[in-house]
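Reviewing the structure listed below.
The values are calculated or read from the model by the stated rules, or taken from the named source; none is laboratory data. Predicted model, so just to flag it, every value in this text is computed and none were measured. Using ideal geometry, Cβ is built from the backbone for each residue, glycine included, and neighbour counts are taken over all protein chains shown.
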Amino acid sequence: MAAELSAFMAARAEFNDRAADKAAKSDGYDTRAKRRRHVSQIVLQLTDIRDFENAYMSNIPENLQSDSAYESAERAIGSLEQAIDLLRGAY
C-alpha cells in the first residue's frame, strides 16, 4: 500500500511539474524580454501602491504621527521601496 501511494505521489508531482512548465510558457514567461516586461509592470504597480501609502502617511495629523498606523505606513513604504529596488536590479 505504501509503495502504491509513493508511486501515485511521484506521478502526481511529475504531472504538476509539466503543468507548471506549460502554464509558464502560456503566460508569456518563455523569453527574457517577456519576463522583463512583466517585472516592469509589477514595478509600476508597486510604485503606485507606494505613492498611495505615502499620500496616506502625509495626511496623518502631526499629533497622530507616533501612532501605530503611521509606523505601519512607514514600514510598508520601506518594504515597497526595497522590493522595487530588488526587482529593478534583477532586470
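For the reader, a short list of remarks on this structure follows.
- Of the set (1) surrounded by fewer than 11 Cβ atoms within 10 Å (Cβ to Cβ); (2) in a helix (DSSP H, G or I); (3) of a type outside the set (D, E, K, R); (4) at pLDDT below 90, all apply to residue 55 but (4).
- Checklist (1) at pLDDT 95 or above; (2) among the polar types (S, T, N, Q); (3) not in a helix (DSSP H, G or I) applied to residue 66, failing item: (1)
- Note on segment 79-90: among residues that are of a type in the set (Gly, Ala, Ser) and exposed (fewer than 12 other Cβ atoms within 10 Å of the Cβ), the one that is farthest from residue 37 (Cα to Cα) is 89.
- Qualifying residues in segment 39-62 (those that are of a type in the set (D, E, K, R) and touching a residue at least 24 places away in the same chain (Cβ under 8 Å)) - the one nearest to residue 91 (Cα to Cα): 50
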